[in-house]
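Asker: Before I ask anything, here is the structure I am working with.
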Amino acid sequence: MGKDAFRCVECNEKATELHRDYNNGILKLTICGSCQKPVDKYIEYDPVIILIDAILCKTQAFRHILFNTRLNIHWKLCVFCLLCEAYLRWSLLHGSEQSNDPADIIRYTKEWEFYAMFGSATLELSAFCISVLWFLWLVVVQLQGGAIDFSLLLRALLLSCYGKVLLIPTVIWEHDYSPLCLGLIKLFVLTSNSQAIRVILNSSRRLSLSAVCVGVLSEMCVAQACKKLPWSVQDIKMKM
């Protein structure tokens with residue numbers, strides 16, 4: 001990373017280094033010149049502790065992950081979460097129905113609908129991210145005259161969707177789950193998205209929540225539009 005590439009996890013002040021490496025493997029944490037606290041205390045923490053603080057949506061943990069690490073798994077995480085969400089929607093659509101006949105057209109219909117669910121989830125996530133970026137560009141850049149690193153902001157949005165990994169138990173165990181559980185997962189993901197925006201822009205909670213609300217509205221519009229499309233083979237045949 002280049003000069004002033006790091007951030008203090010406490011006050012968001014820029015820093016040139018996180019620690020100094022002395023002889024014999026002795027490391028000393030860099031002290032922030034603004035708040036007089038360690039620039040990044042998390043470099044001495046166990047990854048499990050960092051993950052717990054991130055789940056608790058602590059600002060310091062988000063700054064550590066987004067500014068002071070080279071965690072570039074956001075695209076892989078995005079695809080993985082989309083696959084889980086697609087399978088979840090597909091299983092909700094068909095329940096536990098199974099077919100042992102390899103030539104059964106219903107089985108291929110279900111496979112097509114799984115890919116359709118994946119495409120639908122991808123479109124919804126794209127609409128969410130694009131709407132959030134557009135809203136922040138309009139408010140921060142056009143109205144306030146500020147600047148935004150859109151690549152960093154997009155990375156933050158995708159990484160903050162890590163809460164969708166909570167869908168994995170439903171994919172593995174295939175048990176009956178309540179809409180309340182899925183609603184709580186969605187709320188957690190949106191809360192993480194809002195916190196990520198606050199950390200990247202160092203903005204108010206009102207701005208980040210407004211951006212998330214705009215993204216959710218756009219996502220809902222795309223979801224409603226996707227429901228009107230013929231996702232199943234039977235529907236396509238009926239229209240032919």
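Asker: How would you rank TYR115, TYR22, going from fewest to most other Cβ atoms within 10 Å of each one's own Cβ?
Answerer: Neighbour counts put them in this order, fewest first: TYR22, TYR115.
Asker: Here's something else I'd like to know. Give the calculated FRET efficiency between ILE49 and PHE150 to the nearest 0.05, with a Förster radius of 25 Å applied to their Cβ-Cβ distance.
Answerer: Working: r = 31 Å, r/R0 = 1.23.
Efficiency for this residue pair is about 0.20.
Asker: Efficiency by 1/(1 + (r/R0)^6): what FRET value for ILE26 and LEU209, r their Cβ-Cβ distance, R0 = 35 Å, to the nearest 0.05? Write down the numbers at each step before the final one.
Answerer: Values: r = 44 Å, r/R0 = 1.26.
The pair ILE26/LEU209 has a calculated efficiency of 0.20.
Asker: Here's a follow-up. How would you classify region 6-67 from its alpha-carbon gyration tensor, with a ≥ b ≥ c the square roots of the eigenvalues: rounded for a/c under 1.5, else prolate if a/b is greater than b/c, otherwise oblate? The partial results should precede the final answer.
Answerer: Details: a/c = 2.53, a/b = 1.32, b/c = 1.92.
It is oblate, given that a/c is not under 1.5 and a/b is not larger than b/c.
Asker: For a protection proxy built on the mean count of beta-carbon atoms within 10 angstrom, sort 210-216, 45-51, 135-141 highest first, please. Intermediate results must be reported in sequence, preceding the final value.
Answerer: Values: 210-216: 21.0, 45-51: 12.0, 135-141: 17.0.
Packing proxy ranking, top to bottom: 210-216, 135-141, 45-51.
Asker: List residues of region 56-95, by number, whose backbone nitrogen lies under 14 Å from a label position 7 Å along Cα→C-beta of ALA5.
Answerer: Backbone N within reach: 66-72.
Readers should treat all values here as calculations from the given coordinates under stated rules, not as data from a laboratory. Please read all numbers here as calculations on a predicted model, not as lab measurements. Positions of Cβ are backbone-derived with ideal geometry, glycine not excepted, and every protein chain shown enters the neighbour counts.
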